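Single-structure report; data block below.
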């Protein structure tokens, strides 16, 4: 057999970290989907060669620290308001690729108004929406997308629809808005899912280049710390519980 | 007949030992080390290097982008 | 040739923004300042200068749009009135924390709550003492005429970019709604992208080029020692502003034995009150703070050699008076006269208050 050292040579490299990612160790917990999606965003920016043209907007939540990991100009935004911030950036700098990167508490709870209106205006931006059904950064509280029966620190006996309403399928709402051009729900738990998710992100960024309006990508994600499961078990739980409710696929592609 | 051979290089200090690479490897190449890195994580390593085909599955699902994948086409019998 | 017009204060804010090369206005309707956005929408500056004008879905969205635009190094602004400014406070704190330049116009109405749509000056504390969370200051400038509504837009942007700090134009419903003669400014072209990179490229998110590190706009710092260092940097900035940017006006102060201190529309009322008082033989003058932060503390202290008492006139329950008293340090009596709830004090009432509270009270 070939010696490993014979294989590990620059000319044989087929996959490595994107140059758009910094060398900082990500602050996310082991197995966190944020890391995968950060990587995919970075790879798309690198492959499209748009580092100079990309401006990211990352609001409060675990990914508020995205600016430490993505080597592009980034604005940190207040909780829920990234779509408003990105609106101004996209309008004042129409030659740029502007994206927001938001969690479910941010996008589907406190920032519901901002996301609906930015999408309804058809702002020429990419929205990346990480849905893990929980507030990660603040310690695992119930999110608008928490499933019925899902235990969280503020629904310790499981989410009860009578008490807390039903999980919000905001992506379905967004798909109805004429301003959106591409609305899809993806995941990133298997190599196949990662490939598809990357394709969707690529298409979304290309849509911005083609001035097609808002492209919206939900990534059904895990939060092993919040769910109190190992990363591997979290993926299994996601497949078993999240994906039947948040079904993967394109909701709109115009 | 060409056989594809692969290998991975793990950035040990940045690995958080999440195991996601372990379960997606179709050839069961990767395991977590008994030793820990500076952060106290049991990091991923090639426990079964002969089986690696360089398919990149592990790197693709790695949330921390700590896996580099290499691949060569080795001639059988050469 | 000078361009004179008869215009409403609110309309002038819009016109001045266009002429000063403003890049973006983001607003939400609220009385008594809606004419600002209405004027912009009629003027369609996007056809003329490329200025972006957008009616946001809320005041909260509008101030966050300002955050995004300012973070790109652009000249951006918003306007609102009291309840709307309350909604913007989180965004304003973020803007101050991220050290972004912008202009925020508050055409104040009486409060609290929904209050009244009539003029007020009851947002002094909010504008000058904070409003949002955390240790920060706005530069606050208070126009007293339609002309100053025009002039302070440019001044506001100049100060905002000089110090990378949000600037509030603290107007009120009187100045916003009244019509006066105004000399409009010359047209200044908007900054080009190249000019913005030259001036603001060290910090603004203009797109990361290979010749520089990425620019990050944030108010987050999880390392307490670094956050404290940053707080000290802000304090130093506010100190510099306090030393260099105090603006005020003195009227009839040379022989004054008594002093009105008032800003905005109240200062205009005091000018008439001075005439009435002087006819009665009361030698009273007016010190009008133009900047409320920084406050003309030293200029007030310099008057203490000659005046026997000070009356502040505000359309509030007495807010600026606290800064006057801090300046005076008990050396002469300082009293407050105000009307509330959208009521406007008359010059005669101000004179009466001076006689009752300061002259007879002594």
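The values are calculated or read from the model by the stated rules, or taken from the named source; none is laboratory data. Note that the coordinates shown come from a computational prediction; the quantities given were computed from them, not determined experimentally. With ideal geometry, Cβ positions are generated from the backbone for all residues, glycine too; neighbour counts draw on all protein chains shown.
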Given the options C:262, C:256, C:273, C:252, name the one that is under 30 Å from residue C:308 (Cβ atoms) and either within 14 Å of chain A (Cβ to nearest Cβ) or more than 25 Å from the chain's Cα centre (by Cα) (or both). C:256
List the number of the failed condition for residue A:215; all other conditions in (1) in contact (Cβ under 8 Å) with a residue 60 or more places away in the chain; (2) closer than 22 Å to residue A:147 by Cα hold. (2)
Looking at the stretch C:221-233, can you tell me whether even one residue there is buried (at least 17 other Cβ atoms within 10 Å of the Cβ) and either in contact with a helix residue (DSSP H, G or I) (Cβ under 8 Å, 6 or more places away or on another chain) or more than 10 Å from chain A (Cβ to nearest Cβ) (or both)? no
Scan the stretch B:8-42 residue by residue and report those that are under 22 Å from residue A:190 (Cβ atoms) and either touching a residue at least 60 places away in the same chain (Cβ under 8 Å) or in a strand (DSSP E or B) (or both). B:8, B:10, B:30, B:31, B:32
In the stretch A:1-31, what residues are under 15 Å from residue A:191 (Cα atoms) and touching a residue at least 40 places away in the same chain (Cβ under 8 Å)? A:31
Determine whether the stretch C:59-81 contains at least one residue that is away from chain A (no Cβ under 12 Å) and out of contact with any helix residue (DSSP H, G or I) (no Cβ under 7 Å at 6 or more places or on another chain). yes
Condition check for residue B:58: at the interface with chain A (Cβ under 10 Å from one of its Cβ atoms), within 24 Å of residue A:23 (Cα to Cα), touching a strand residue (DSSP E or B) at 6+ places or on another chain (Cβ under 7 Å) and surrounded by 14 or more Cβ atoms within 10 Å (Cβ to Cβ): yes
Could you list all residues from the stretch C:124-138 that are buried (at least 24 other Cβ atoms within 10 Å of the Cβ) and not in a helix (DSSP H, G or I)? C:138
Residues (assigned to a loop (DSSP other than H, G, I, E, B) and facing another protein chain (nearest Cβ under 7 Å)) located in the stretch B:61-78: B:63, B:64, B:65
Taking only the stretch B:6-46 into account, find how many residues are in contact with a helix residue (DSSP H, G or I) (Cβ under 6 Å, 6 or more places away or on another chain) and within 8 Å of chain A (Cβ to nearest Cβ). 6
Filter pass, residue C:73 being out of contact with any strand residue (DSSP E or B) (no Cβ under 6 Å at 6 or more places or on another chain) and either more than 18 Å from residue A:118 (Cβ to Cβ) or touching a residue at least 40 places away in the same chain (Cβ under 8 Å) (or both): yes
Facing another protein chain (nearest Cβ under 9 Å) and within 21 Å of residue A:119 (Cα to Cα): which single residue out of A:36, A:41, A:60 fits that description? A:60
Here are some conditions: (1) closer than 17 Å to residue A:142 by Cβ; (2) within 15 Å of the chain's Cα centre (by Cα). Residue A:225 meets all but one. Which one does it not meet? (2)
Given the criteria more than 9 Å from chain B (Cβ to nearest Cβ), without any contact (Cβ under 8 Å) to a residue 40 or more places away in the chain and farther than 30 Å from residue A:229 by Cα, does residue A:46 qualify? yes
At least 1 residues that are under 30 Å from residue B:67 (Cα atoms) and modelled with pLDDT of 95 or more in each: list the helices (runs of 4 or more DSSP H) lying fully within the stretch A:143-254 that qualify. A:191-209, A:224-227, A:231-237
Inside the stretch C:82-104, can you point out the residues that are away from chain A (no Cβ under 12 Å) and either in contact with a helix residue (DSSP H, G or I) (Cβ under 6 Å, 6 or more places away or on another chain) or at pLDDT below 95 (or both)? C:84, C:101, C:103
Within the stretch A:195-219, of all residues that are closer than 20 Å to residue B:58 by Cβ, buried (at least 21 other Cβ atoms within 10 Å of the Cβ) and in contact with a strand residue (DSSP E or B) (Cβ under 8 Å, 6 or more places away or on another chain), the one nearest to the other protein chains (Cβ to nearest Cβ) is A:197
Go through the residues of the stretch C:345-360 one by one and say whether even a single one is outside any strand (DSSP E or B), modelled with pLDDT of 95 or more and within 23 Å of the chain's Cα centre (by Cα). yes
